[in-house]
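> Would you mind keeping the following structure in view while I ask a few things?
The values are calculated or read from the model by the stated rules, or taken from the named source; none is laboratory data. Predicted, not measured: the structure shown is a model, and the values here were computed from it. Cβ placement follows ideal geometry from the backbone for every residue including glycine, while neighbour counts extend to all protein chains displayed. With ligands, DNA and RNA removed, areas are computed over all heavy atoms of the protein, side chains included. Shrake-Rupley method; radii C 1.70, N 1.55, O 1.52, S 1.80 Å.
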Amino acid sequence: YEKALILFRKAEEVPGLPSWFTPQNQVERLAMSPEIYGFNPVWCNVELAQEMHEQNLLIQNGGDLTITANDWFTHHIEKSDIINPAATQVGIDYLQVAYDRGWDDLWKSVMLTNFGRAYKYHSEKNQQNFDLAVEWLKKSIALNANAKYSNQPWSIIGRGTPRAYFELAELLENPQRFGFDQAYQNLQEGQKYYQDGKEHLKQYGSLGPYSIMESMYVNVFEKKFCFKRKDEDIGNIKDLCEYGRSLDDEKHAPLYLFQALSYHLLSDKTMVNFETATDCYQAGLIAYFKLGGGHNWVGECLTKCMSPLIYDCTSEGFPSECGQLQTCLLYTSPSPRDS
């Protein structure tokens, strides 16, 4: 732990570091929450963390602070299921300073959505924080930032206004799932925001649902659901993937990949889920070849995720009864190498 702190501090002396990556921020994370990185929590050094936090606010501009705040939640405190109000407040502080310093509407929508997510996932479960989560997510939706004007539209869709629709919808539909009192439920309003979110995504074509899948639901590179996603999300995953494929052909292959891996990851290892997963994997490979194939992450992830099901379904938790279908798949599944 001490060696890590020393080396991070030495990195402060290196010239030319990009402003969005600062050693101060790395020290702050480690000093604030050593337990997240496997160290003894008693080594928490609040004074050092605060010193680094203040230095970081002087170094970074609004855009950099937005990135820092987003990373603070997605790559730091989301590594733990334990709510740490102090760590949450650090992320909120970064968001507030970034927002106050001003930035374009695209990144403002990211900040507003992250405000909502901070109160939804990482704060104490009471009426005030529930209301704050709803308030900030609605502010992001009201901003109506159009990701078409971004040079990274998938990033804004997955973090900004478009995502806010779906974060808000599920919170209103089932607050108990996120630790809040079920009395706060507003099922009708939640369902409306979900449908409004789909309508909002339509302007982006299949890129819209693809971006929501990638950032909010399924991590294909680590072969797992994203933060706080569960089996109960399978309905929305199926719906959004099918909706995306109905808009245009561009993202058919990755949308089939997201859907396939979701059924693959379900805790209920039934023949039906096995067949659905393998059918979607195969459909993804076919869509991949139709768009020219070649060596890219989509084809690689399709084959890497599908291969264990084909060669040894029991290693993935599925029953041996899937073996007969498994044998058929060995002879019928295309391979990216064939392209």
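> Where in the stretch 1-101 are there helices (runs of 4 or more DSSP H), lying wholly inside it, with at least 3 residues that are modelled with pLDDT of 90 or more and either open to solvent by 70 Å² or more (accessible area, probe 1.4 Å) or farther than 19 Å from residue 117 by Cα (or both)?
Output list reads 2-11, 23-32, 46-59.
> Now a separate question. For the list (1) closer than 28 Å to residue 203 by Cβ; (2) open to solvent by 20 Å² or more (accessible area, probe 1.4 Å); (3) modelled with pLDDT of 90 or more, I need the number of the one condition that residue 133 fails.
Just one mismatch for residue 133, condition (2).
> Of the residues 183, 164, which is out of contact with any His (no Cβ under 8 Å at 6 or more places or on another chain), at pLDDT 95 or above, hydrophobic (A, V, I, L, M, F, W, C) and surrounded by fewer than 21 Cβ atoms within 10 Å (Cβ to Cβ)?
Exactly one residue qualifies, and that residue is 183.
> When the residues of the stretch 186-222 are narrowed to those that are aliphatic (A, V, I, L, M) and within 20 Å of residue 138 (Cα to Cα), which ends up surrounded by the most Cβ atoms within 10 Å (Cβ to Cβ)?
212
> Keeping to the stretch 107-130, report how many residues are closer than 28 Å to residue 149 by Cα and open to solvent by 20 Å² or more (accessible area, probe 1.4 Å).
Result for the stretch 107-130: 2.
> Out of 309, 247, 257, report the one residue that is within 13 Å of residue 213 (Cβ to Cβ) and open to solvent by less than 60 Å² (accessible area, probe 1.4 Å).
The match here is 257.
> Can you report the number of residues in the stretch 150-183 which are under 17 Å from residue 208 (Cβ atoms), in a loop (DSSP other than H, G, I, E, B) and touching a residue at least 12 places away in the same chain (Cβ under 8 Å)?
Adding up the residues that qualify gives 2.
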